[in-house]
1. Kindly list the number of the only condition in (1) modelled with pLDDT of 95 or more; (2) more than 14 Å from chain B (Cβ to nearest Cβ); (3) under 27 Å from A:ASP50 (Cα atoms) that fails for A:TYR209.
2. Before we move on, is A:ASN72 exposed (fewer than 14 other Cβ atoms within 10 Å of the Cβ), part of a loop (DSSP other than H, G, I, E, B) and not charged (D, E, K, R)?
3. Out of the residues in segment B:64-81 meeting the condition of being more than 14 Å from chain A (Cβ to nearest Cβ) and surrounded by 15 or more Cβ atoms within 10 Å (Cβ to Cβ), tell me which one is nearest to the chain's Cα centre (by Cα).
4. Could you tell me how many of the residues in segment A:96-114 are within 18 Å of the chain's Cα centre (by Cα) and either in a helix (DSSP H, G or I) or among the β-branched types (Val, Ile, Thr) (or both)?
5. Restricting the search to segment A:43-56, which residues are at the interface with chain B (Cβ under 7 Å from one of its Cβ atoms) and under 17 Å from the mean Cα position of the chain (by Cα)?
6. Could you check segment A:162-188 and list, in sequence order, the residues that are free of Cβ contacts under 8 Å to residues at least 24 places away in the same chain and among the aliphatic types (A, V, I, L, M)?
7. So is B:GLY35 in contact with a Leu (Cβ under 6 Å, 6 or more places away or on another chain), modelled with pLDDT under 95, more than 14 Å from chain A (Cβ to nearest Cβ) and surrounded by fewer than 18 Cβ atoms within 10 Å (Cβ to Cβ) or not?
8. Out of A:ALA143, A:ALA117, report the one residue that is of a type in the set (A, V, I, L, M), within 20 Å of the chain's Cα centre (by Cα), part of a helix (DSSP H, G or I) and surrounded by fewer than 19 Cβ atoms within 10 Å (Cβ to Cβ).
Amino acid sequence: MKRPLALLAAAALCAAGLAAAAAEPPKRDDGRRSGFDFMTREVQAIQRDDAQNPAMLWVQEGAAVWDRADGNANRSCASCHGAASEASSRMKGVATRYPAFDAAVQRPITLAQRINACRVDHQQATALAPESQELLALESFVAMQSRGMAIAPPRDPRLVPFRERGEKLYRQRIGQLDLSCAQCHDERAGARLAGATIPQAHPTGYPLYRLEWQGLGSLQRRLRGCIAGVRAEPFPYGTVELTELELYLMQRAAGMPIEAPAVRP
Amino acid sequence: MARALITMPATAKRGEIVEIRTLIAHPMETGYRAGDDGQLLPRNILRRFSCRYDGEQVFSAELFPAVAANPYLTFCTIATVSGTLEFTWEGDRGFAQTERVALTVAA
């Protein structure tokens with residue numbers, strides 16, 4: 001009985017450490033756990049230390065891309081939003097609000113799609129490919145500025161039907177294995193799928209560095225991996241279905257602190 | 001897009017042990033994996049890392065295919081004189097990258 005107790009104490013310490021980093025009053029425990037709490041201490045240590053976290057390589061690249069002029073307009077992100085060095089204040093909290101409704105396309109868009117919309121409209125540059133290193137770099141740089149802040153999905157009534165469809169998809173059994181997201185991540189969270197612990201699927205740290213990927217990836221990559229895992233055909237990147245799922249997951253994780261860029265096994 | 005992050009103190013007292021932590025972006029492709037077409041992906045790894053402090057080598061390492069992508073290396077040296085630490089990574093396909101960080105040593 002000694003070891004489980006010691007582990008519990010360690011988990012409590014981690015939680016306390018995170019809460020301190022977020023500088024927020026301790027909230028009532030509602031049973032929600034970040035994927036961080038399901039990791040081994042060794043992997044947690046990589047995420048806690050920015051000098052070790054390989055995702056910081058993308059953040060560093062993102063800061064460089066931010067200041068670099070591009071496209072026919074010859075403008076950079078910095079031309080509108082201020083230099084990368086000031087971005088910590090200008091971009092603070094942005095990642096907590098996405099996906100958000102975009103009036104131009106009349107649907108919710110993710111942070112990556114927002115970055116690409118900016119590129120096309122304001123920089124008059126070509127959109128970056130999904131999961132391209134440059135897009136992930138910019139996304140991780142922006143997400144990093146919200147680290148420690150609570151996830152705050154917008155209370156936009158136009159998002160409601162999309163979010164409801166997302167929840168429906170979350171509970172829909174799909175694929176040859178006939179499994180829904182909820183069957184693993186609600187009903188069997190904490191149990192094991194082969195050697196891996198099933199987390200509660202709260203997207204608190206995206207884009208994140210996954211040891212299995214040996215690189216940075218977005219939430220959509222993770223979702224596509226899960227969908228292929230139950231042997232269903234994954235939705236292509238950027239489709240509204242993936243955005244709807246992301247909308248629901250962010251609502252489900254509302255109030256949890258952003259850890260981006262996180263590390264996962 | 002080779003990027004490197006080096007974390008170390010900017011100043012130290014003479015005789016103090018300084019911890020240096022390095023992280024570099026590199027795929028470390030082993031040469032044993034097959035690509036989408038079933039063909040082996042050619043090996044592309046870092047072979048050697050070295051750190052010179054004021055011209056003198058204080059640390060070096062050889063890297064092999066079993067090392068994960070984006071290698072993280074950490075080591076210590078003793079602060080002796082104010083100078084530059086020069087970090088060099090060398091690898092397959094003529095990969096070579098050098099970063100320099102200044103260290104100020106107070107008596």
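1. Status for A:TYR209: all satisfied but (2).
2. On the way: exposed (fewer than 14 other Cβ atoms within 10 Å of the Cβ): yes; part of a loop (DSSP other than H, G, I, E, B): yes; not charged (D, E, K, R): yes.
So A:ASN72 fits the description; yes.
3. B:THR77
4. Residues meeting the conditions: 8.
5. A:PRO54, A:MET56 - these are the residues of segment A:43-56 that are at the interface with chain B (Cβ under 7 Å from one of its Cβ atoms) and under 17 Å from the mean Cα position of the chain (by Cα).
6. The one that is free of Cβ contacts under 8 Å to residues at least 24 places away in the same chain and among the aliphatic types (A, V, I, L, M): A:ALA182.
7. Values: in contact with a Leu (Cβ under 6 Å, 6 or more places away or on another chain): yes; modelled with pLDDT under 95: yes; more than 14 Å from chain A (Cβ to nearest Cβ): yes; surrounded by fewer than 18 Cβ atoms within 10 Å (Cβ to Cβ): yes.
Taking the combined requirement at face value, the residue satisfies it.
8. Matching residue, one of A:ALA143, A:ALA117: A:ALA117.
The values are calculated or read from the model by the stated rules, or taken from the named source; none is laboratory data. It should be emphasised that the depicted structure is a prediction, and the values quoted were computed from it without experimental measurement. Quick reminder, even Gly has a Cβ in these numbers, built from the backbone with ideal geometry, and neighbours come from all protein chains shown.
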